[in-house]
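Peer 1: Here it is, the structure, as C-alpha cells.
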Amino acid sequence: MSDHPEEPSHDPKAAKTPNAGYSLSALRDTDRDRYLACLLAPAEKRPALAALYAFHAEIARVRDLVREPLPGEIRLQWWRDVLESGGDGDGHPLARELLGAIVAYKLPVAVLLDMIDARVFDLYDDPMESRSSLEGYAGETASALLQLSCLVLDPATAPRSAEAAGHAGVAQTIATLLLLMPLQRSRGQVYLPADLLAATGLDRQAFLSGKDAAGLDRAVRAFTGLGREHLAKARAAASSISVANRPAFVPLALAEPIFDRAERVGPGIFTQIILPPQWRRQWWMWRAARSGRW
C-alpha cells in the first residue's frame, strides 16, 4: 500500500510468475506491498493489476525524481499524452502494458487522467486545506486504484465495491502519509489538513518544527483517528465486495497496524520508523487474502 522506497527483494519466485512482464518486475522496487498483493491475485489478472499498480507508483514517486516542480509537471504531462493518444506508449514498457490493460478490461482513461492531475499536488508544498481536500486527493488516487483493480478482477460486480473503495482509499492514503512523514518534513510538505491541525492547536510551521511534543502527539492521533474512521466505514461496506474482488483490498490489511504504530510513537513520528517488517506485512496480506477481512 506504500508509495515509498522498499528494501531490495530476493524473492526467487518472482521471476517465475506467469506473464509477469515489465510492470510486475518494476513494482518490486517501487511498491513492495502492492507487488506482494499482486502475487496473491489470480495469475491471469496479475499483468493488468501490475500495470495499474506500477503506474500508480510511478506517478506517486515523481517528487522523488525531480528537484523542481516543472520537471515533475513535464513527467506527468508525458503520461497524460500517452493515455490520451493511446498507441503503443512510445516504446515505454510500462506504458505499453498499461495501455494493453486499458484495452483488455475497458478501463476508463478519465479516471487515470484524474489520478495524474491529483499528483500535481505532490510537486509543491501547498497546504492541504481541509479534510474534504484530503478525501478528494485520496479518492482520485488510492480509491480510484481500488476501483480500477475491481474492474480488472471482476468487472460485473465492481460497482458494488465503490463505497468500500472510497473509504478504504482514504484509510490507505493516511497510513501511507504517516509512513512518509519524515521525508515530507524534510521537504516542508504537510498533508495533514489545516482544519485538523488547527483543532489540535498547531499550524503548518508549528507542526513542521516538532517543538510542541504534546501538540504533535494530538495531531498524529487526530490524523490516525481520521484514518480509523474511514477504515471502519470501509469494513462496514465490505460485505458488498465480491469474493473475486477481494484481492484488490488486500493491502488494506496494513492500515490498522500502521495506525497503531503511529499512535505509539506519537511525537516521534518524524524520527522513528513505523514501517512493519516485510514478513509481517506479507503475513497480514496473505491472511486478508484468505479470509477477506482486513
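Peer 1: Out of the total accessible area of the chain (probe 1.4 Å, heavy atoms of protein only), what percent is carbon and sulfur?
Peer 2: Carbon plus sulfur share of accessible area: 54 percent.
Peer 1: Using Rg/Rh (Cα atoms, Kirkwood Rh) as the read-out, say which of (1) 0.98; (2) 1.13; (3) 0.95 was calculated from these coordinates.
Peer 2: Read-out taken from this structure: (3).
Peer 1: Highest mean first, what order results for 189-196, 141-148 on Cβ atoms within 10 Å?
Peer 2: 141-148, 189-196
Peer 1: Name the trypsin sites (Lys or Arg not before Pro) in the range 81-154 that are in a loop by DSSP and that have at most 11 other C-beta atoms within 10 Å, would you?
Peer 2: Lys106
Peer 1: Between 0 and 90 degrees, rounded to the nearest ten: what's the tilt of helix 162-179 against the longest Cα principal axis of the chain?
Peer 2: The answer is roughly 60 degrees.
Peer 1: Averaged per residue, what accessible area in Å² does the chain show with a 1.4 Å probe, protein chains only?
Peer 2: 43 Å²
Peer 1: Now for a different question. Count charges around Ala95 for me, please; just the other residues with Cβ under 14 Å from its Cβ, Lys/Arg as +1, Asp/Glu as -1.
Peer 2: Summing Lys and Arg as +1 and Asp and Glu as -1 gives -3.
Peer 1: Separate question: How do 150-156, 66-72 rank on mean C-beta neighbours within 10 Å, highest first?
Peer 2: Descending packing order for the listed peptides: 150-156, 66-72.
Peer 1: Under 12 Å from the Cα of Lys45, which aspartates and glutamates turn up, not counting those fewer than eight places away in the same chain?
Peer 2: Partners found: Asp154.
Peer 1: Follow-up. Can you give the helix-only mean residue ellipticity at 222 nm for the chain, where every DSSP H stretch with n ≥ 4 adds -39500 (n - 2.57) and the sum goes over all residues, rounded to the nearest 500 deg cm²/dmol?
Peer 2: -19000 deg cm²/dmol
Peer 1: Out of the range 117-161, which GluC sites (Glu not before Pro) are coil in DSSP terms and have no more than 16 other C-beta atoms within 10 Å?
Peer 2: Answer by residue number: Glu129.
Peer 1: Per-residue counts of other Cβ atoms within 10 Å, averaged by peptide: what ranking do you get for 285-294, 159-168, highest first?
Peer 2: Order by mean packing, descending: 159-168, 285-294.
The values are calculated or read from the model by the stated rules, or taken from the named source; none is laboratory data. In this text the structure is predicted, and so the values were computed from the model without any measurement. Please note: Cβ atoms are built from the backbone with ideal geometry, for glycine as well, and neighbour counts cover all protein chains shown. When the accessible area is computed, the model is the full protein with side chains, heavy atoms only, and any ligands, DNA or RNA have been set aside. Shrake-Rupley method; radii C 1.70, N 1.55, O 1.52, S 1.80 Å.
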